[in-house]
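To start, the structure under review is shown below, and the notes come after it.
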Amino acid sequence: MELKFDAVELDLRLLKDNAWVLHHDPLVGRVVRPDLGEANGQKIKSPEALTSSAWANAQVLDRFGNPTNTQCPPVSE
């Protein structure tokens, strides 16, 4: 708001357990590395396949693909 942009794009994704999250990409992996513990070892490719718990434990990646300490919050936060 302070930067006086004319528009803002928000991409919402609905997780497996009906929680909404902000995530631009249709697939995870480029900017978010999900916690695959709940996926029974299967490679998850879409946010819609993740639960809120897995999303909360996912790692945000920097522009070089390195994990950061930033968490992936749900829209409710």
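Only the coordinates and a few stated rules stand behind these numbers; no lab work does. A quick note: this is a predicted structure, and the numbers were derived from the prediction, not measured. Because the Cβ atoms are built from the backbone with ideal geometry, glycine has one as well, and the counts that use them run over all protein chains shown.
Got the relative contact order for the chain handy, in percent, Cα pairs under 8 Å and 6 or more residues apart?
Over the chain, the number comes to 30 percent.
Looking at (i) 112; (ii) 77; (iii) 130, which value of volume of the Cα convex hull per residue in Å³ comes from a calculation on the structure shown?
(i)
Between residue 10 and residue 45, how many nm apart are label points set 7 Å from Cα along the C-beta direction?
2.9 nm
Can you compute 3J(HN,Hα) from phi for each residue in the stretch 71-77, using the Karplus curve 6.51 cos²θ - 1.76 cosθ + 1.60 with θ = phi - 60°, rounded to whole Hz and x for Gly and Pro?
So the Karplus estimates, Gly and Pro as x, are 8, 9, x, x, 4, 4, 8 Hz.
Please state the charge dipole magnitude for the chain, taken about the Cα centre, from unit charges on C-beta atoms (+1 on K and R, -1 on D and E), reported in debye and rounded to the nearest 20.
300 debye
Tell me which residues come under 5 Å, amide H to amide H, from residue 32 once H is placed; ignore anything under 5 positions away on its chain.
Placed amide hydrogens put 61 under 5 Å from residue 32.
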